[in-house]
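The values are calculated or read from the model by the stated rules, or taken from the named source; none is laboratory data. Predicted, not measured: the structure shown is a model, and the values here were computed from it. Cβ: placed from backbone, ideal geometry, glycine included. Neighbour counts: every protein chain shown. Side chains included, ligands, DNA and RNA excluded: accessible areas come from the protein's heavy atoms. Shrake-Rupley method; radii C 1.70, N 1.55, O 1.52, S 1.80 Å.
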Amino acid sequence: MKRKQIYTGLWASLLLLAPAVTSTTSAHATDIQTGQQSVATSQLSASQSTSSQVASDQLVESSRQSQGTSSCSQVAEVPAKTAQTTNNQPVKSAAKAVLNQDYQGAMARGAQQLTTSQDTEVWAALARISSGAQLTTAQKATFHQVFAEELTGMAGHYSATDLERLTIGIAAIGEDPTQFNGINLIAGIIKKVATAGITGQVYGIIALSTQDYGSQANQTINQLIDLVLKQQNTAGGWAFFGSVSDLDITGMTMSALGMHRDQPKVQSALDRAVALLKTTGFVKATGGFLIPGGFSTEENSNSTAMAILGLAAAGVNPATTFVGDNGATPITNLIAYQKADGQFRWMMGSDDGALSMSTEQAVYALGQYDYLLKGKGSIYNFKKVVPEPDPEPKPDPKPAPDPKPSIPGKKPAGESSSSSSSSSSEVDLNKTLPKQPGYKEDGMPLTGTTATQDALPQTGHQSVWGSVLAGLFMLLGVAGYQTRRLKQR
């Protein structure tokens with residue numbers, strides 16, 4: 001009987017303890033479930049964010065491919081009026097051609113033609129890149145192979161212009177001319193350029209300026225600039241031989257000197273060359289350029305392209321500085337040479353001559369014009385711009401002290417209610433800090449019985465075991481009490 005009463009007391013105690021343990025365990029389970037849901041929600045959100053980013057990237061890539069297709073489509077399409085003028089009914093002078101101002105369209109059609117014809121010359125690479133076209137990895141590899149084979153075929157017998165031309169192509173496709181197939185082309189240029197003629201000196205300046213090749217290369221550039229400036233004739237131009245200015249050589253020289261316009265002596269020489277093109281070279285009736293000489297006595301696209309190249313490299317806009325009859329400019333003149341398939345003729349109305357060379361020169365001349373309008377400098381400048389690192393933040397020598405939180409409803413000693421309400425420097429944590437989960441709108445905690453418990457963070461395990469221990473002590477107390485009562489009986 002006594003044992004039965006003891007067991008009855010124990011069961012009663014367990015029944016008293018069960019709600020507390022169940023409540024605590026349930027709360028802990030709820031916390032775990034909430035945490036799992038929070039993690040799952042976070043993972044789902046991250047997954048959705050990743051999927052959204054992937055979808056966005058795919059959309060951008062699709063848009064780029066669509067633009068590329070559209071661009072190719074536009075390249076293939078030539079206005080009927082222009083095609084009729086330049087192909088079906090060729091004209092004899094640029095003055096009779098339609099004044100087409102769309103230099104970007106002409107440039108894109110020419111670059112596309114070079115791609116379609118698989119032109120792998122150095123100047124084709126320069127033309128395509130300066131036009132804004134992006135070479136694929138396979139296309140760069142093709143250019144690399146062609147340049148390497150050409151270099152190997154020279155068997156060590158390089159002229160200065162050979163090395164300079166290849167250096168421009170190698171730098172254009174993003175490779176290093178100082179270690180191309182085991183050969184340092186820059187060192188070879190520095191060694192051979194001193195004995196080169198005007199063409200070797202001009203392209204020596206360009207090749208050594210494509211990237212930063214060190215102090216010796218910079219010293220050679222300055223020496224070549226001095227040599228070239230001494231060869232400027234009294235009219236303001238440069239000649240391949242003799243004393244009569246040549247349009248092609250003058251334009252090429254201006255494009256080289258244009259990379260060093262920061263030197264006063266260079267800018268002065270460029271000004272004289274621009275004056276020559278204005279007074280002697282510009283043909284107002286057509287918008288083109290012509291200085292009759294030993295190479296040509298008629299206007300042609302090559303000479304006009306080189307003049308445009310030199311002017312744009314010197315910072316002079318040929319479309320606004322040189323305006324002829326009926327609004328003809330060097331740009332409209334050069335565009336008039338283009339055929340329906342994108343090629344540029346050498347002579348107006350004739351398909352004779354090296355049209356691939358004419359196309360290359362026309363495209364990168366228009367590319368330099370585009371660079372001028374966009375403030376991008378020289379088409380020969382392939383220096384990689386390295387972004388400067390962000391400066392490290394300097395520590396505050398006198399950091400401001402952290403504001404002391406005030407207890408709600410209690411004023412600091414010596415402070416009146418009016419002064420606290422009017423003070424703008426007082427930091428009210430109840431207003432500045434967001435409400436924490438588990439708190440009512442008035443800031444009071446939803447759980448907890450003492451200020452100490454509210455101030456300390458508690459985990460689910462801590463609250464469960466605390467309740468279990470409290471229940472065991474209650475159970476032992478009830479059991480002891482029942483035992484004493486039975487003994488008394």
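Which residues, counting only those in segment 277-294, are in contact (Cβ under 8 Å) with a residue 12 or more places away in the chain and either over 27 Å from residue 100 (Cβ atoms) or in a helix (DSSP H, G or I) (or both)? Quick ask: steps written out before the conclusion?
At the first step, the residues of segment 277-294 found to be in contact (Cβ under 8 Å) with a residue 12 or more places away in the chain are 277-278, 280-291, 293-294.
Matches in segment 277-294: 277, 278, 280, 281, 293, 294.
If the condition is being closer than 30 Å to residue 261 by Cβ, touching a Ser or Thr at 6+ places or on another chain (Cβ under 9 Å) and assigned to a helix (DSSP H, G or I), then segment 348-378 contributes 358, 359, 361, 362, 363, 364, 365, 366, 367, 368, 370, 371.
Can you name every residue in segment 170-208 that is closer than 25 Å to residue 241 by Cα and of a type in the set (S, T, N, Q)? Matches in segment 170-208: 195, 199, 201. Of all residue pairs spaced 6 or more apart or on separate chains, those with beta-carbon atoms under 7 Å, a first member in segment 341-367 that is acidic (Asp, Glu) and a second member that is outside any loop (DSSP other than H, G, I, E, B) and open to solvent by less than 10 Å² (accessible area, probe 1.4 Å) are 360/114; 360/124; 360/127.
Do you know which of the residues in segment 296-347 that are part of a loop (DSSP other than H, G, I, E, B) and of a type in the set (D, E, K, R) is farthest from the chain's Cα centre (by Cα)? Spell out the reasoning first.
Applying the first criterion (part of a loop (DSSP other than H, G, I, E, B)) to segment 296-347 yields 296-300, 314-317, 322-324, 328-329, 336-337, 339-343, 345-347.
Filter once more, so that each one left must be of a type in the set (D, E, K, R): 298-299, 339, 341, 345.
Details: 298: 43, 299: 40, 339: 34, 341: 32, 345: 35 Å.
Restricting to residues being part of a loop (DSSP other than H, G, I, E, B) and of a type in the set (D, E, K, R), the top hit is 298.
If the condition is being within 24 Å of residue 306 (Cβ to Cβ) and in a helix (DSSP H, G or I), then segment 196-219 contributes 198, 199, 200, 201, 202, 203, 204, 205, 206, 207, 208. Of the residues examined, residue 206 is one that is under 38 Å from the mean Cα position of the chain (by Cα), among the aliphatic types (A, V, I, L, M) and open to solvent by less than 30 Å² (accessible area, probe 1.4 Å). Pairs linking a residue in segment 151-179 that is under 19 Å from residue 134 (Cα atoms) to a residue that is at pLDDT 95 or above and open to solvent by 50 Å² or more (accessible area, probe 1.4 Å), with Cβ atoms under 6 Å and 6 or more positions apart or on different chains, are 173/140. Of all residues in segment 196-215, those satisfying the criterion of being among the small types (Gly, Ala, Ser) and within 16 Å of residue 258 (Cα to Cα) are 204, 207, 209.
If you take the residues of segment 95-137 that are among the hydroxyl-bearing types (Ser, Thr, Tyr) and closer than 11 Å to residue 342 by Cβ, which of them is most open to solvent (accessible area, probe 1.4 Å)? Before the answer, list the steps.
We begin by selecting, within segment 95-137, every residue among the hydroxyl-bearing types (Ser, Thr, Tyr); these are 103, 115-117, 120, 130-131, 136-137.
Keeping just the survivors that are closer than 11 Å to residue 342 by Cβ gives 115-117.
On the way: 115: 46, 116: 99, 117: 61 Å².
Step by step, filter segment 95-137, then rank; the result is 116.
Of the numbered criteria (1) over 16 Å from residue 361 (Cα atoms); (2) within 27 Å of the chain's Cα centre (by Cα); (3) among the charged types (D, E, K, R), the one residue 128 fails is (1).
In the set 274, 244, which member is outside any helix (DSSP H, G or I), among the β-branched types (Val, Ile, Thr) and out of contact with any Lys or Arg (no Cβ under 8 Å at 6 or more places or on another chain)?
On the way: 274 fails: outside any helix (DSSP H, G or I).
None of the other options fit; the residue is 244.
Scan segment 273-312 for residues that are closer than 19 Å to residue 369 by Cβ, open to solvent by 10 Å² or more (accessible area, probe 1.4 Å) and out of contact with any Asp or Glu (no Cβ under 7 Å at 6 or more places or on another chain) and the total you get is 4. Restricting attention to segment 357-393, the residues being surrounded by 11 or more Cβ atoms within 10 Å (Cβ to Cβ) and either at pLDDT below 95 or of a type in the set (Val, Ile, Thr) (or both) number 4. Residues of segment 227-238 that are open to solvent by 10 Å² or more (accessible area, probe 1.4 Å), part of a loop (DSSP other than H, G, I, E, B) and touching a residue at least 40 places away in the same chain (Cβ under 8 Å): 232, 235. Of the residues making up segment 164-195, those that are among the polar types (S, T, N, Q), surrounded by fewer than 18 Cβ atoms within 10 Å (Cβ to Cβ) and assigned to a helix (DSSP H, G or I) are 178, 179, 195. Can you tell me which residue within segment 242-265, out of those that are touching a residue at least 40 places away in the same chain (Cβ under 8 Å) and of a type in the set (Gly, Ala, Ser), is most open to solvent (accessible area, probe 1.4 Å)? Filtering first and then ranking leaves 242.
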